[in-house]
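Since the structure comes first, as structure tokens, the remarks are kept for the end.
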Amino acid sequence: MAVDHYENFPVASILLPAALREPVAAIYAFARSADDFADEGDLSPDHRIALLAGYQAELDLIQRGEPSRHPIFLRLRPVIERYGLPLPLFRDLLDAFVQDVSKDRYRDFTELMDYCRRSADPVGRLMLHLFGQASAVNLTRSDAICSALQLINHWQDVGIDAQKGAGGRIYLPQDDMKRFGIRDDDILRRVASADFRRLLRHQVERARALMLSGAPLGWDLPGRMGLEIRAIVAGGLRILDKIETVDFDVFNRRPILRPLDWPYILRRTLIRPLDTLP
């Protein structure tokens, strides 16, 4: 399985309390379907944006207390109301998906992290609200984990993203590309040069540091939620290890998790590493 920030939803996981499996699945259905509007199929950009605008309109109905007939929102609305989930988090996700339709380059790491703030961080924040654990410290650590997962997904998918849209989609910061001597055409042609490997090593180190800064969350949260977070963190770190193992040539050897990786993930889930100690 690959690391993808929507595939990291703990949907129907045995680690989830039974009472929360349906609320989590309802949020996942919203996020996954909206993400598909932005990325999947052969829809025109205008059609994609119109579909996402329809989801924004459904959130408006919820905010005004008006009824909906859309199946995604008939399922989601009771969850939002029961757990008091902040609507701006859902709106941030939609805003990021719209950006994916219209934006395919990122000037610098700050601009990329702003995208992660809207495309990934709301996922973790919604989970914390569901579990009644949305303290300031927990939210900050959750943001670090979710943004790191988004970055990891970008770095394992550099080659795949380069094939999306008319001119390819490149999440590698443009200023870093220039510093390491990499041009857009090198990415679009899938050239794993020595300079590209150095560039990707730099991004992998950033993502690992960010993930480790949030990792204590998995040990601070109680019970099954803590286990779930620790497993997700371990999976993300494992992908970074595998990017290094293929010498950063993600064009020809895209790293994914395989059955032999699960003992590592289980060990890191159950035994606290020194790098997550306070």
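The values are calculated or read from the model by the stated rules, or taken from the named source; none is laboratory data. This one's a predicted model, so the numbers in the text were calculated from it and none came from an experiment. So basically every Cβ, Gly included, is an ideal-geometry build from the backbone, and we count neighbours across all protein chains shown. The area values use the complete protein model at the heavy-atom level, side chains included, leaving out ligands, DNA and RNA. Shrake-Rupley method; radii C 1.70, N 1.55, O 1.52, S 1.80 Å.
How far apart, in nm, are the 7 Å Cα→Cβ label points at Gln99 and Thr140?
Roughly 2.2 nm, to one decimal.
Ignoring ligands, DNA and RNA, what percent of the 1.4 Å accessible area of the chain is carbon and sulfur?
56
Rounded to the nearest 20 debye, what is the charge dipole size of segment 76-145 about its Cα centre when +1 sits on each Lys and Arg Cβ and -1 on each Asp and Glu Cβ?
For segment 76-145, the charge dipole is close to 200 debye.
Would you please state which residues of segment 58-82 a label at Arg32 would reach in this model, taking the label point 7 Å out along Cα→Cβ and a backbone N cut-off of under 16 Å?
Those under the cut-off are 71-73, 75-76.
Among the lysines, which have Cα under 23 Å from the Cα of Lys103 when same-chain residues fewer than 8 positions away are ignored?
Lys164, Lys178
Need the C-alpha centroid separation for segment 200-269 versus segment 95-144, integer Å.
18
Can you work out the accessible area per residue across segment 134-278, with the rest of the protein chains kept in place, probe 1.4 Å, in square angstrom?
About 44 Å² of surface per residue is accessible.
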